1. Take the residues in segment 237-268 that are polar (S, T, N, Q) and over 22 Å from the mean Cα position of the chain (by Cα), then tell me which one is least open to solvent (accessible area, probe 1.4 Å).
2. Identify all residues within segment 104-150 that are among the β-branched types (V, I, T) and either open to solvent by 10 Å² or more (accessible area, probe 1.4 Å) or part of a strand (DSSP E or B) (or both); write none if there are none.
3. Please determine, by comparing only the residues of segment 178-220 that are among the hydroxyl-bearing types (S, T, Y) and under 25 Å from the mean Cα position of the chain (by Cα), which one is farthest from V121 (Cα to Cα).
4. Can you work out which of the residues in segment 63-85 that are part of a loop (DSSP other than H, G, I, E, B) and open to solvent by less than 20 Å² (accessible area, probe 1.4 Å) is farthest from A98 (Cα to Cα)?
5. Just a yes or no: is a residue in segment 164-173 in contact (Cβ under 8 Å) with a residue 40 or more places away in the chain, out of contact with any His (no Cβ under 9 Å at 6 or more places or on another chain) and of a type in the set (G, A, S)?
6. Is it true that V60 is in contact with a helix residue (DSSP H, G or I) (Cβ under 8 Å, 6 or more places away or on another chain), buried (at least 21 other Cβ atoms within 10 Å of the Cβ) and either among the charged types (D, E, K, R) or outside any loop (DSSP other than H, G, I, E, B) (or both)?
7. Under 6 Å by Cβ, and 6 or more places apart or on different chains, what pairs join a residue from segment 127-146 that is in contact (Cβ under 8 Å) with a residue 40 or more places away in the chain with one that is open to solvent by 40 Å² or more (accessible area, probe 1.4 Å) and part of a loop (DSSP other than H, G, I, E, B)?
8. Among the listed residues L75, L44, L61, identify the single one that is aliphatic (A, V, I, L, M) and within 16 Å of A12 (Cβ to Cβ).
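The values are calculated or read from the model by the stated rules, or taken from the named source; none is laboratory data. Note that the coordinates shown come from a computational prediction; the quantities given were computed from them, not determined experimentally. A quick note on method: Cβ atoms are made from the backbone with ideal geometry, for glycine too, and the neighbour counts reach across all protein chains shown. Side chains are part of the model used for accessible areas, which takes the heavy atoms of the whole protein and leaves out ligands, DNA and RNA. Shrake-Rupley method; radii C 1.70, N 1.55, O 1.52, S 1.80 Å.
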Amino acid sequence: MKLVFAGTPEVAVPALDALIASDRHEVAAVVTRPDAPAGRGRRLVASPVAERAEEAGIEVLKPARPRDEDFLARLREIAPDCCPVVAYGALLPKETLAVPARGWVNLHFSLLPAWRGAAPVQHSIMAGDEVTGASTFLIEEGLDSGPVYGVLTEEVRPTDTSGDLLTRLAFAGAGLLVATMDGIDDGTLHAVPQPADGVTLAPKITVENARIDWSVPALRVDRVVRGCTPAPGAWTLFRGERLKLIQAVPVLDRADLAPGELSAAKNNVYVGTGSHAVELLWVQPQGKKPMRAADWARGVRIVHGELLGS
């Protein structure tokens, strides 16, 4: 089939690479979000998908909105058979969905209908799921509600961050997306409606969502830290400034600290929660680079009874 691939961040690049490598399909163009300011200089930078497409000599389309007439006109000229999508980052209106004969097919990083929305992997980890996966489905106007072509499952490991899990799903999902394109092309694969039961939502994780509540159990703190790593980054307050928490693990044999209470030894830093303590392993003070929590604690000279989060 002739394809127009839509995607934006790094997590979409493995799928684009897999489709380019396929000997059954032609990636005629790529649709991605417009260049965005990045870095200290805030200069405009192309998306990872745009950079990869340009390296491969593939036409790149960067509409401000996917309903723009000039974009729609070019898409109609290309006349794709199907448009595979991975983390494009914009809603597709009816007139855009109608262009490819076989529709727009999304690779979504959850086992639909669970975790529909922008942050399925983060929510899966924060909810304590033991298994997640990826799904390919035909996009319709509802939020991730279209019929499903295929799925794969992936274990959520006890130490997984959302970055770890998303990387594995991106590479496994790339194979699923190519297999879905193959099945659509030869007519052996047909989309099946999602069940009405089991729908959960995964809205974007905001900075405020990533703030640690020390009154919850240690297991919940661990899940929020892992689910928000690397972005937007779990955080708390220390002496009025933000402290980013990169790695923290529950300590089952220590329950003598009040929620948020700090206790620092030579090589360990503990914080109380609503159950037992967590040990901070890696943190990032405001305006500084990531560091071992024990090094941070020695530098700030924690006072007995001092609290995080207030």
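1. That would be S263.
2. The initial filter retains those residues of segment 104-150 that are among the β-branched types (V, I, T), namely 105, 121, 125, 131-132, 136, 139, 148.
Within segment 104-150, V105, V131, T132, T136, I139, V148 meet the criteria.
3. Looking at the filtered set, the residue picked out is T180.
4. Only one residue tops the list, namely P63.
5. Yes, that holds for at least one residue.
6. Against the criterion (in contact with a helix residue (DSSP H, G or I) (Cβ under 8 Å, 6 or more places away or on another chain), buried (at least 21 other Cβ atoms within 10 Å of the Cβ) and either among the charged types (D, E, K, R) or outside any loop (DSSP other than H, G, I, E, B) (or both)), V60 does not qualify.
7. G146/E140
8. The conditions single out L61.
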